[in-house]
Each structure stands twice: as structure tokens, then as C-alpha cells.
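The values are calculated or read from the model by the stated rules, or taken from the named source; none is laboratory data. Being a predicted model, the structure only gives us computed values, none of them experimental. Backbone-built Cβ (ideal geometry, glycine too); neighbour counts: all protein chains shown.
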Amino acid sequence: MRWFVAAASAGLAFVFLWRASAPLILSYLSKRAACSQPCAEPTGCQPVSLELELARPWAKARTPYALWYRMRLLNQSCFPILVQADCFYDEESPGQGLDARQFSLTVRDSKGKDFVSEHYRADGYRADGTLDDVSKPYGTLAADVIPYQMDRTVRNRLLDEGRINGMGFITLAPGEFIVTQPAVLDPYSEVQHEVRFSDGGFGTSAGRFPAPAPLGAETPPPGFRVLNYYFPKPGRYTIVATYRDEELVSYDFPRYRRLPQSVGVFLSLADFFLGTDTTPDERWTDMKIDAVSKTLDFEVRP
């Protein structure tokens with residue numbers, strides 16, 4: 001009988017001590033990792049910074065290979081952020097093509113009016129209302145020859161590492177950044193030809209063949225890519241980059257995450273049977289992103 005009383009006393013003592021220490025255990029396991037980023041919380045600050053740079057503050061008139069730029073997107077929060085990186089690593093520039101996604105580049109004239117290139121609009125139509133061939137990533141002036149391709153060295157490495165998924169998304173860790181991939185002068189012609197499918201239907205397929213560089217296609221400034229805008233006459237303009245998105249992020253509790261699985265199971269069982277709370281809950285919250293670069297001035301010269 002004495003052993004039963006002793007065991008019951010020990011059990012009650014354990015329950016008392018466990019309940020008394022549960023808040024301390026929860027506080028210890030809930031301590032977040034140290035973070036020196038400017039945006040420590042998901043609200044009340046800007047989680048990313050977007051930088052826009054021009055290779056030179058001027059562009060040539062009457063050529064589609066006019067303005068050379070690069071963008072840099074930095075995660076300055078304490079949370080991993082999933083971003084759509086297509087326009088950083090592919091040939092399509094932000095704000096062009098049928099789907100601008102979260103990124104955009106806006107060019108305005110000296111009167112502050114949005115400038116739409118005469119030979120390329122975001123909806124795929126020319127200024128005269130006729131449909132453009134948006135399958136050609138660098139425009140219509142020299143449509144038979146496409147002078148520039150992206151340097152895919154970094155993209156291929158990220159694909160090999162599994163950093164970019166099939167939808168073109170990449171997760172940026174706190175303090176990590178991505179930069180638009182530069183262009184290389186590697187002209188090719190794209191020839192469309194008709195193909196017949198196994199079900200009897202018809203379609204088109206494109207083949208690429210090396211070609212001479214078209215007139216006006218210069219060697220890209222190192223680290224930059226071309227914006228496919230055609231400026232018909234000289235003037236003063238501005239350009240600004242924006243990135244708008246909404247990200248679902250979770251707080252990270254490294255002390256709890258590093259616990260052995262057996263300890264985690266013990267804590268869960270103790271909480272269940274004793275009505276305590278010693279394990280931090282995974283907290284998800286919305287992080288709104290509304291990043292705007294500095295507005296840059298440039299001149300279009302004859």
C-alpha cells in the first residue's frame with residue numbers, strides 16, 4: 001500500500017511541477033531565431049527592396065534595342081518569401097507580354113503620361129490596333145532575327161539545385177537577393193513551320209537558326225539586359241519598377257524544430273493528457289509586398 005501512496009504522491013508532484021513549468025517550456029521553445037533584417041515582423045514594414053539601374057541615362061531613338069537595365073530584388077524580412085522569378089531569368093521583361101505577373105516596368109514621358117511603345121504593347125497589339133506576334137521576345141522591327149538571348153548560367157544552376165520550381169517560383173531566404181540575368185549578343189532567326197500531330201490535327205513549331213546581328217544591335221553592357229521599347233523621337237522620360245504581391249509566411253521556432261522526435265511526441269502527449277501547452281503553434285500570416293524602385297530619368301537621343 002505504501003508503494004501505491006508513494007507512486008500517487010510522485011505522480012501528483014510531477015503533474016504540479018509540469019503544469020508550473022509548462023509556461024517556461026513554451027517560452028523557451030517559442031524563442032525565435034535572431035534576425036538582423038530591417039523588417040522583423042510581417043506587418044508594418046516593407047519586406048523586400050527593389051532596385052532598378054540603367055547602364056546609361058540615355059537611349060537611342062528609332063531602334064528596339066534602346067534601353068539597358070537590370071533589377072535587384074532583396075528579401076529584407078526575417079521570413080522566407082516565395083517570388084515569381086520568370087522575368088528575372090527568362091527573355092520576357094517585366095510588364096511585357098500577355099502576363100506581367102507581379103512585376104512591372106513603367107515608362108512615362110516628360111508630361112508624366114504612361115508611354116506605350118509604338119511597336120510593342122503589353123496586350124500584344126501594335127499601336128495601329130493590329131495583332132503583334134508576341135512569340136518573338138524582342139519585338140517586331142527585326143522580327144526575322146532576334147539578336148539577344150539570356151545568359152542562363154545562373155538559372156541552370158538554380159534549376160539543378162532545385163531552387164526554381166516548374167512554375168518559375170524561387171524562395172528567397174532572409175537577406176538573399178536575385179538579379180535579372182544579363183543578355184548576350186547571340187542572334188538567331190526563328191522559323192515557324194507546320195507540324196501534323198498523331199491525332200491528325202495540325203499546329204506550328206519553331207526552329208532556331210544562327211543569324212547575323214541586325215543593324216543597331218550592340219554588344220550588351222556587362223550585367224544588363226535590353227528593354228524592348230521603341231522610342232520614335234528624342235525626349236525626356238522616366239522609368240520605375242514595381243513589385244506587388246501577397247505572401248503567406250510562418251514564424252520559425254528553431255529550438256522547437258531541432259528537438260528530437262521522441263521529445264516532441266512526449267510534449268504532445270503530456271499536453272494532451274495534462275491540459276498544458278508547451279509546444280508553439282505554427283503561426284501563419286499574410287505579408288503584403290508593395291515595393292517600388294527609385295524613379296530614374298533618361299534621355300532619348302537621335
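Being of a type in the set (S, T, N, Q), modelled with pLDDT of 85 or more and not in a strand (DSSP E or B), is that true of even one residue in region 83-94?
Restricting attention to region 83-94, the residues satisfying the condition of being of a type in the set (S, T, N, Q) are 84, 93.
Among the residues that remain, those that are also modelled with pLDDT of 85 or more are: none.
The answer is no, given that none of the residues of region 83-94 is of a type in the set (S, T, N, Q), modelled with pLDDT of 85 or more and not in a strand (DSSP E or B).
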Under 6 Å between Cβ atoms, at least 6 apart or on separate chains: pull out the pairs that start in region 171-189 with a residue that is over 30 Å from P147 (Cα atoms) and end on any residue that is among the aliphatic types (A, V, I, L, M) and surrounded by fewer than 20 Cβ atoms within 10 Å (Cβ to Cβ).
-> T171/L82
Within region 18-34, the count of residues that are touching an Asp or Glu at 6+ places or on another chain (Cβ under 9 Å) and surrounded by fewer than 16 Cβ atoms within 10 Å (Cβ to Cβ) comes to 3
Which ones in region 241-283 are without any contact (Cβ under 8 Å) to a residue 40 or more places away in the chain and of a type in the set (K, R)?
-> R257, R258, R283
Go over the candidates L105, L158 one by one and state the one that is assigned to a strand (DSSP E or B) and modelled with pLDDT of 60 or more.
-> L105
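Residue check: is Y237 surrounded by 15 or more Cβ atoms within 10 Å (Cβ to Cβ), closer than 30 Å to Q46 by Cα and either assigned by TED's automatic domain parsing to the domain that holds V83 or in contact with a Leu (Cβ under 7 Å, 6 or more places away or on another chain) (or both)?
On the way: surrounded by 15 or more Cβ atoms within 10 Å (Cβ to Cβ): yes; closer than 30 Å to Q46 by Cα: yes; either assigned by TED's automatic domain parsing to the domain that holds V83 or in contact with a Leu (Cβ under 7 Å, 6 or more places away or on another chain) (or both): yes.
So Y237 passes the test.
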Close pairs from region 202-228: first in the same structural domain as I178 (by TED's automatic domain parsing) and surrounded by 14 or more Cβ atoms within 10 Å (Cβ to Cβ), partner at pLDDT 85 or above and among the basic types (K, R), Cβ under 7 Å, at least 6 apart = G223/R70; F224/R70; R225/R70
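Suppose we filter region 249-273 for residues that are aliphatic (A, V, I, L, M) and either in contact with a helix residue (DSSP H, G or I) (Cβ under 6 Å, 6 or more places away or on another chain) or surrounded by 12 or more Cβ atoms within 10 Å (Cβ to Cβ) (or both); how many remain?
Step one: of region 249-273, the residues aliphatic (A, V, I, L, M) are 249, 259, 263, 265, 267, 269-270.
Among the residues that remain, those that are also either in contact with a helix residue (DSSP H, G or I) (Cβ under 6 Å, 6 or more places away or on another chain) or surrounded by 12 or more Cβ atoms within 10 Å (Cβ to Cβ) (or both) are: 249, 259, 267, 270.
Residues that pass the stated criteria total 4.
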Per the filter on region 43-57, residues part of a strand (DSSP E or B) and modelled with pLDDT under 95 are V48, S49, L50
Test: residue in region 288-300 that is loosely packed, with under 15 Cβ neighbours inside 10 Å, among the aliphatic types (A, V, I, L, M), at pLDDT 80 or above and over 25 Å from the mean Cα position of the chain (by Cα) | no
